[in-house]
Structures are given as C-alpha cells and as structure tokens.
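Reading through the structure tokens given below for one structure.
Where a number appears in this text, it was derived from the coordinates with a stated rule and is not lab data. All figures in this text were calculated on a predicted structure; none of them were measured in a lab. Neighbour counts are summed over all protein chains in view; Cβ atoms, including those assigned to glycine, are modelled from backbone coordinates with ideal geometry.
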C-alpha cells in the first residue's frame, strides 16, 4: 500500500479538486500503474488519420492532448520532487496553451508521444513509490498556491482521467 494517502482539500489549489475528486479511493501507485495500460489501450485504437483531428476550431489535436499529458506529468512530478527535497523554492505556473503551442506535438507521431508518456509514467510511479509518509506530507508553493507532495500523485492521476474521458467523448466517439 502506498504511503501517500488521499490529500485533504487544503493540500492543493482548489482548481485541482475536479481532478483529485475523480480518483477513486485506494492505492494511488496501483492506480497510476493501471492507468498506463488503460490509456495506452485506448490510444492504440486511434487510426493514423485521426491523430491530428480537432473536434472544434481552436481545440487541441489528439497528438497535442497526449503531448499535454506528457508536459503536465513532467511538471507535476518535478514539483513533487522539489518539494520532497525541501528546496524551499516558489515554483512557477504554466500556461498550458502556450506550452502546447510550442511543444511540436503535432509533428510527432501518436506512437512516439505514447512512448514518451509511458516512460514518464513508469518513472513517476518510481518517484512516488520511494516516498514515505513524511515526504508525502511535505509542502511547498507552486503557481502561488500551497501543495503537499502527495497531492501531486493524485492530481496526476485525476488529470489523466479527465483527459482520457475527453479523448473518449470528443476524439473517439465514432471510432470503432
């Protein structure tokens, strides 16, 4: 069982409640591992011609969504590591639209992006698996808001669930 129990509402910015609230109770490490297979199975069903599909004007392509999953998991894992090591810095936020626009995700194959995300998710699981309860309870500031280390494991899981649901609803609705 993970040493990173579900964080209380005050352990992360209110904005992230929508993500954390989607994650079922249980072992967060097991959930992060399970998500990897579930999401990759979904993405493997995407036909090549659908990888750059946008469900509406101004919306991200499917490749950009997966690139966003990669970028945000890097960011949240880094925040967790920095706070676990008690370096005391005030970490900056991110403008997700600016990051996606400069990511070059549309120039990469979905297969490559999935490989990046899979490698990163495995590393993320190792990162959180090495933390004990005291490290998980450490805190810091990111985007001007207080967070505990453990909250990032739950935010990562919820963020992935949020985007997986959007992928299923908006990008895969007519894919067999």
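Overview of values
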read-out	value
Close pairs (6 angstrom Cβ cut-off, 6 or more residues apart or separate chains): free of Cβ contacts under 8 Å to residues at least 24 places away in the same chain in segment 34-59, assigned to a loop (DSSP other than H, G, I, E, B) and surrounded by 10 or more Cβ atoms within 10 Å (Cβ to Cβ) anywhere	54/61
Restricting segment 145-157 to residues that are in contact with a strand residue (DSSP E or B) (Cβ under 9 Å, 6 or more places away or on another chain) and outside any helix (DSSP H, G or I), the residue that is surrounded by the fewest Cβ atoms within 10 Å (Cβ to Cβ)	146
Output for segment 124-144, where each listed residue is more than 13 Å from residue 3 (Cα to Cα) and surrounded by 13 or more Cβ atoms within 10 Å (Cβ to Cβ)	124, 139, 140, 141, 142, 143
Residues that are under 11 Å from residue 84 (Cα atoms) and touching a residue at least 40 places away in the same chain (Cβ under 8 Å), drawn from segment 135-146	135, 136, 138, 139, 140
Filtered residue count, segment 47-62, keeping only those that are farther than 23 Å from residue 155 by Cβ and either part of a helix (DSSP H, G or I) or touching a helix residue (DSSP H, G or I) at 6+ places or on another chain (Cβ under 7 Å) (or both)	8
Segment 163-176, residues that are surrounded by 14 or more Cβ atoms within 10 Å (Cβ to Cβ) and assigned to a helix (DSSP H, G or I)	163, 164, 166, 167, 170, 171
Test for residue 30: is it on the phi < 0 side of the Ramachandran plot, surrounded by 13 or more Cβ atoms within 10 Å (Cβ to Cβ) and either in contact with a helix residue (DSSP H, G or I) (Cβ under 9 Å, 6 or more places away or on another chain) or in contact (Cβ under 8 Å) with a residue 24 or more places away in the chain (or both)	no
Total residues in segment 11-27, condition surrounded by 11 or more Cβ atoms within 10 Å (Cβ to Cβ), at negative phi and free of Cβ contacts under 8 Å to residues at least 60 places away in the same chain	2
Filter result (over 30 Å from residue 45 (Cβ atoms) and assigned to a helix (DSSP H, G or I)) within segment 123-144	133, 134, 135, 136, 137
Test set (1) exposed (fewer than 15 other Cβ atoms within 10 Å of the Cβ); (2) within 19 Å of residue 109 (Cβ to Cβ) - residue 69 fails condition number	(1)
Output for segment 73-92, where each listed residue is out of contact with any strand residue (DSSP E or B) (no Cβ under 7 Å at 6 or more places or on another chain), surrounded by fewer than 19 Cβ atoms within 10 Å (Cβ to Cβ) and not in a loop (DSSP other than H, G, I, E, B)	74, 78, 81
